[in-house]
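Have a look at the structure below before the remarks.
The values are calculated or read from the model by the stated rules, or taken from the named source; none is laboratory data. Everything numeric in this text was worked out from a predicted model, so none of it was measured. Note that we place each Cβ from the backbone using ideal geometry, even for glycine, and neighbour counts take in every protein chain shown. SASA here: full protein model, heavy atoms, side chains in, ligands and nucleic acids out. Shrake-Rupley method; radii C 1.70, N 1.55, O 1.52, S 1.80 Å.
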Amino acid sequence: YLLFTSHGMPPLVIITPGFPLLLLPITLIAGEKYAAYEVFCLLILAGLPWLLWSWLRRRSSEMEAVLIALIFATSPLVLSQAGSVMTEATYTALSVLLLMALEARGSGIMAGGLALLLIQVRPAALSLMPAVLLQALKEKRWKQAAWAAALPLLGVLLWSYWSYSVSGEVQELGEFKISYQGHPWLHPFRV
């Protein structure tokens with residue numbers, strides 16, 4: 001996992017590997033044709049209103065689900081991402097899939113696997129871990145909670161170990177330090 005565009009090809013420790021791994025098949029198929037990446041990300045974004053509708057129709061009326069999906073699909077913020085080769089659409093799609101898995105009260109492996117993917121796409125997904133674990137812990141489903149916690153934790157530990165071993169630091173921890181240094185210890189929970 002190297003930054004091949006820089007002299008000496010330094011290790012790429014500033015970006016978690018989830019999104020690049022998702023784009024790897026596109027690279028194998030289309031090479032360096034940037035339009036292929038744009039189309040791929042556009043297709044994920046185009047599927048999001050349908051995924052959102054699928055999740056919402058189980059928790060609200062059909063009309064409300066359609067309306068919310070349409071509002072989402074026509075949001076200027078969402079439309080501005082159309083074709084952007086960025087993690088936003090993938091992160092949102094995985095988040096909705098995670099919510100669907102949590103509501104279905106499926107296996108902890110499914111929830112843990114989706115949380116692992118989310119964290120590897122964007123480390124900010126660590127903030128979703130209380131939601132991943134809360135219901136299983138509340139209902140004393142210890143095995144499900146253990147799987148849901150173990151998979152993301154293993155991913156974070158492996159990524160952190162690799163980053164530290166090749167660069168002497170874990171860049172994401174530096175960002176946490178910048179964001180939270182000088183604040184009371186409860187500040188991250190308020191955020």
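Scanning region 59-91 for residues that are open to solvent by less than 40 Å² (accessible area, probe 1.4 Å) and polar (S, T, N, Q), we see that the one that is farthest from the chain's Cα centre (by Cα) is SER60.
Would you say ALA93 is under 22 Å from SER127 (Cβ atoms) and out of contact with any strand residue (DSSP E or B) (no Cβ under 7 Å at 6 or more places or on another chain)? Considered against the rule, which asks whether it is under 22 Å from SER127 (Cβ atoms) and out of contact with any strand residue (DSSP E or B) (no Cβ under 7 Å at 6 or more places or on another chain), ALA93 comes out as yes. Note on region 11-58: residues that are part of a loop (DSSP other than H, G, I, E, B), out of contact with any Lys or Arg (no Cβ under 9 Å at 6 or more places or on another chain), open to solvent by less than 60 Å² (accessible area, probe 1.4 Å) and touching a residue at least 60 places away in the same chain (Cβ under 8 Å) amount to 2.
Residues in region 104-122 that are open to solvent by less than 50 Å² (accessible area, probe 1.4 Å) and either over 22 Å from ALA89 (Cβ atoms) or at pLDDT below 90 (or both): GLY106, GLY108, GLY112. The set of residues in region 163-191 being in a helix (DSSP H, G or I) and either in contact with a Phe, Trp or Tyr (Cβ under 8 Å, 6 or more places away or on another chain) or acidic (Asp, Glu) (or both) consists of GLU172, GLU175, HIS187, PRO188. Of all the residues in region 125-175, those that are more than 15 Å from PRO17 (Cα to Cα), open to solvent by less than 60 Å² (accessible area, probe 1.4 Å), without any contact (Cβ under 8 Å) to a residue 24 or more places away in the chain and among the small types (Gly, Ala, Ser) number 2.
Among the candidates ALA93, ALA101, ALA65, the residue that is more than 18 Å from PHE40 (Cα to Cα) and at pLDDT 95 or above is uniquely ALA65. For residues that are more than 19 Å from VAL13 (Cβ to Cβ) and touching a strand residue (DSSP E or B) at 6+ places or on another chain (Cβ under 6 Å), tally how many sit in region 147-169. Going through region 147-169 one residue at a time, the tally reaches 0.
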